[in-house]
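The values are calculated or read from the model by the stated rules, or taken from the named source; none is laboratory data. Owing to the predicted nature of the structure, the values given are computational and were not obtained by experimental measurement. Ideal geometry is used to build each Cβ from the backbone, glycine not excepted, and the neighbour counts take in all protein chains shown.
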Amino acid sequence: MCTNIVYEWLKTLQLPQYAQSFVDNGYDDLEVCKQIGDPDLDAIGVAVPHHRRRIHEAVRRLREADETAAGLYFTLEPQP
């Protein structure tokens, strides 16, 4: 299995065993992972209740980080 951002994310959650299932089910990017719900975890094969809670909490943090960053932007303008 190749190393990607989802694998690294799951590794930080101490759940790397699900990385291949995530990728096989189309969750190969954190943007896609932000949409994960219970039916998705069923399809991926995450059945252990505390693993599900850990993933749900991590998804919530990803969404919150998105909301915080959404208000930030910058533009590049040429210097005079």
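Being outside any loop (DSSP other than H, G, I, E, B), in contact with a Leu (Cβ under 9 Å, 6 or more places away or on another chain) and touching a residue at least 24 places away in the same chain (Cβ under 8 Å) is the filter; apply it to the stretch 1-37 and report the residue that is farthest from HIS50 (Cα to Cα).
Checked the stretch 1-37; the qualifying residue farthest from HIS50 (Cα to Cα) is ILE5.
So, VAL59, is that one among the β-branched types (Val, Ile, Thr), part of a helix (DSSP H, G or I) and modelled with pLDDT of 95 or more or not?
Taking the combined requirement at face value, the residue satisfies it.
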